[in-house]
Amino acid sequence: TGVALMKFKSPPVNSLSLEFLTEFCISLEKLENDRACRGVILTSAVPRIFSSGLDITEMCGKSTEHYAEFWRAVQEMWLRLYGSNMVTVAAVNGSSPAGGCLMALSCDYRIMGENPKFSIGLNEAQLGIVAPFWFKDTFVNVVGHRIAESSLQLGSLYPAPEALRLGLVDELVPEEKLQEKAAAVMAQWLALPDHARQLTKSMMRKAVLDRLAAHREEDVQNFISFISKESIQKSLRMYMEMLKKKK
Amino acid sequence: TGVALMKFKSPPVNSLSLEFLTEFCISLEKLENDRACRGVILTSAVPRIFSSGLDITEMCGKSTEHYAEFWRAVQEMWLRLYGSNMVTVAAVNGSSPAGGCLMALSCDYRIMGENPKFSIGLNEAQLGIVAPFWFKDTFVNVVGHRIAESSLQLGSLYPAPEALRLGLVDELVPEEKLQEKAAAVMAQWLALPDHARQLTKSMMRKAVLDRLAAHREEDVQNFISFISKESIQKSLRMYMEMLKKKK
Amino acid sequence: TGVALMKFKSPPVNSLSLEFLTEFCISLEKLENDRACRGVILTSAVPRIFSSGLDITEMCGKSTEHYAEFWRAVQEMWLRLYGSNMVTVAAVNGSSPAGGCLMALSCDYRIMGENPKFSIGLNEAQLGIVAPFWFKDTFVNVVGHRIAESSLQLGSLYPAPEALRLGLVDELVPEEKLQEKAAAVMAQWLALPDHARQLTKSMMRKAVLDRLAAHREEDVQNFISFISKESIQKSLRMYMEMLKKKK
């Protein structure tokens, strides 16, 4: 059918580790170069979680070199996904905070399971972290400036119905219909001629993609100097402790 | 009353041919230079159609010189209408795809007949064509980035009620009340002092107008090279065949 | 609690006179430099009016030097408030036209009294005046381009319920609950770590703040030449006469 299904399977919560991101980029590149493949559906094989976002262990107590390598992988994931020539549909079958939300925002269309316990949002601020400008640009393109401004400052996570209301996701469907619906939406998008659709997508997203491409190394340095601060490291350690206790 | 009514009357579907566009620009310029004229209402004399958009026969099997002349006329129409000092109200009394939608989007206010059979949208992608960046800029200014992005990729045409919900039109009224309502809206806008209103309008639209003005010849060349592609010519010919069969 | 309350008390209508603006900037700067202060709530001590906006007497029949001094004070107010590192909440307990609306728009969050007689908007056009580009930028960031474009051209004032619908205010509460609600919202925002929140706020607002900073003197000259026009002076005098008669 020309449609690939990428199912995230990195239990317990599909954290975006360096390994996860590297594999994701390789898989996406393969599909991108496969002329038989015209669209990809992103979803999760882990119950109740789409992706928990960037893996905090990659940002805590590691070397400067590691931070740089990790951040380049995060950039690479976004540059490839947001700039993909394929039709990209996120079948968000669980919660999707921070980097997980970014992955969904970078697709062409977002369908979420109709479960009020599923939440989505760029909640970096809650961890004392700042979402970088390209997370912000992607977010503004989807929900507009006002919602992005308060959401990013408050690190808001929205339950599925609220996410729909804000346009953060395009549609809610009962969980058991999610994959079927994603396939139907994909078929609708693939009914259009690829060439015009790809040029149009590029026209819409180019300014924001170019901005990171032009400031990529600066953005890496910025991340390193921010994440290396003792205050930030401390707050990440506390957050990890809290997560462990939760279990 | 200082208000002109421009009624499109180019049966069967008010296609934007080179002749139509040239006459439109001349008429608009006359009104613009007439100090007694402060506002113009655009509507159609053809039942159930506002304008079907760019005339495909102008883009099919013609010379490079013809494509260039035609595209400059399309640009000219938009530069004059979007940049008009007059109050411009679109009384959309029928369907309004592609270039017809652009004309409506370029006015200050859009009122549409409350008829679910009337649809409006930038559906270029359905013909394998890419809406140029200034169509896109105008669209984003009206409906925001997210709706513009998916609409342009899918070539979506929206029935009147959906167009209202998305802000693509500002108001729906029963068809028989459309002209009356357009006149009332015009009166409301003309109650404001011209000078401040014109400066404000220019402030809001200048960035987008300047962008085409600065890249006008490049945009012409871009159109020519795109439309001259054999694949595009073929898809336009097929579309015209389909239209003929429909009749 | 780290929260300051600034109550505008300049009867009869909290006009933004040169004196008011100067005092406002001094107070805000003091709070900004006070490390114990993390947030400020703006509200009015005058019944039924938040602020009536720029004091017209400062713009009428005065010297060029006075106009320049006044306009720099208006710019200064906005640069400090829109760029504040503190959490800023507007408790809009009355009508808030023009410059009063700008002050509310420059806060992080707007709560308005649930009174249909309270209205808010940038109604400069009704006086024959043009809102400057940075009023416009601030407005677009809150309500988007389409609403800003028509509102600014029409000088629209919106009753509280309509203002909520457009996103011009974030929430309506019964008047007697307004201060309580503002304090609760402030507490919610202050629950986030300051550092990440401040960097995020700056990232969201920097482009618009920088634009005035880069064109500040040009904007002053622009104001002076506009306001010095005899036609504008006449229209302001007429407006003031009308206000006097209303009393």
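The values are calculated or read from the model by the stated rules, or taken from the named source; none is laboratory data. Just so you know, these numbers come straight off a predicted model, no measurement behind them. Every residue, glycine as well, gets a Cβ built from its backbone with ideal geometry; the counts of neighbours run over all protein chains shown. In case anyone asks, the SASA skips ligands and DNA or RNA and just uses the protein heavy atoms, side chains included. Shrake-Rupley method; radii C 1.70, N 1.55, O 1.52, S 1.80 Å.
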Inset, instruction - Could you tell me whether A:A125 is out of contact with any Leu (no Cβ under 7 Å at 6 or more places or on another chain) and part of a helix (DSSP H, G or I)? - result: no
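Matching residues to (1) within 22 Å of B:R205 (Cα to Cα); (2) β-branched (V, I, T); (3) without any contact (Cβ under 8 Å) to a residue 24 or more places away in the chain:
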| residue | (1), (2), (3) |
| --- | --- |
| B:A45 | no, no, no |
| B:R48 | no, no, no |
| B:S63 | no, no, yes |
| B:S95 | no, no, no |
| B:C101 | yes, no, no |
| B:Y109 | yes, no, no |
| B:G113 | no, no, no |
Inset, instruction - Please give the number of the condition B:G128 fails out of (1) at pLDDT 95 or above; (2) within 14 Å of chain A (Cβ to nearest Cβ); (3) surrounded by fewer than 23 Cβ atoms within 10 Å (Cβ to Cβ); (4) over 21 Å from B:L81 (Cβ atoms). - result: (1)
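Residue under question is C:M112, and the condition is that it be crowded, with 24+ Cβ neighbours inside 10 Å, out of contact with any Cys (no Cβ under 9 Å at 6 or more places or on another chain) and over 19 Å from C:A187 (Cα atoms); does it hold?
It is false that C:M112 is crowded, with 24+ Cβ neighbours inside 10 Å, out of contact with any Cys (no Cβ under 9 Å at 6 or more places or on another chain) and over 19 Å from C:A187 (Cα atoms).
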Inset, instruction - Select from the range B:57-73 the residues that are surrounded by fewer than 18 Cβ atoms within 10 Å (Cβ to Cβ) and within 16 Å of B:I232 (Cα to Cα) and list them in ascending order. - result: B:T57, B:C60, B:G61, B:K62, B:S63, B:T64
Legend entry - Any pair with Cβ under 8 angstrom, 6 or more apart, that starts in the range C:150-176 at a residue that is β-branched (V, I, T) and ends at one that is open to solvent by 60 Å² or more (accessible area, probe 1.4 Å) and in a helix (DSSP H, G or I): C:V173/C:K181
Legend entry - Residue within the range A:142-152 that is facing another protein chain (nearest Cβ under 10 Å) and acidic (D, E) present: yes
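Going through A:S151, A:S156 one at a time, which residue ends up being open to solvent by less than 40 Å² (accessible area, probe 1.4 Å), closer than 30 Å to A:Y67 by Cβ and assigned to a helix (DSSP H, G or I)? Before the answer, list the steps.
Values: A:S156 fails: assigned to a helix (DSSP H, G or I).
Unique residue meeting the criteria: A:S151.
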Inset, instruction - Enumerate the pairs (first residue in the range A:234-245 and on the phi < 0 side of the Ramachandran plot; second residue anywhere and assigned to a helix (DSSP H, G or I)) with beta-carbon separation below 6 Å, excluding pairs fewer than 6 apart on the same chain, so at least 6 apart or on different chains. - result: A:L236/A:I56; A:Y239/A:L127; A:M240/A:I56
Inset, instruction - Output the residues belonging to the range C:99-122 that are more than 10 Å from every other protein chain (Cβ to nearest Cβ), over 11 Å from the mean Cα position of the chain (by Cα) and part of a loop (DSSP other than H, G, I, E, B). - result: C:E114, C:N115, C:P116, C:K117, C:F118
Legend entry - Residue selected from the range C:159-168 under the condition among the hydrophobic types (A, V, I, L, M, F, W, C) and open to solvent by less than 10 Å² (accessible area, probe 1.4 Å), by the criterion nearest to the other protein chains (Cβ to nearest Cβ): C:L168
Inset, instruction - Please identify the pairs in which a residue from the range A:7-25 that is part of a loop (DSSP other than H, G, I, E, B) has its Cβ atom under 7 Å from the Cβ atom of a residue that is of a type in the set (D, E, K, R) and modelled with pLDDT of 95 or more, counting only partners at least 6 apart or on another chain. - result: A:S17/A:D55; A:S17/A:E58
Inset, instruction - Looking only at the range C:182-189, decide whether some residue is touching a residue at least 12 places away in the same chain (Cβ under 8 Å), surrounded by 23 or more Cβ atoms within 10 Å (Cβ to Cβ), on the phi > 0 side of the Ramachandran plot and within 13 Å of another protein chain (Cβ to nearest Cβ). - result: no
Inset, instruction - Kindly provide the set of residues from the range C:5-62 that are touching a helix residue (DSSP H, G or I) at 6+ places or on another chain (Cβ under 6 Å) and aliphatic (A, V, I, L, M), ordered by number. - result: C:L16, C:L18, C:L21, C:L28, C:V40, C:I41, C:L54, C:I56, C:M59
Inset, instruction - Return only the number of the condition from (1) aliphatic (A, V, I, L, M); (2) under 18 Å from the mean Cα position of the chain (by Cα); (3) within 28 Å of B:H145 (Cβ to Cβ) that C:A207 does not satisfy. - result: (2)
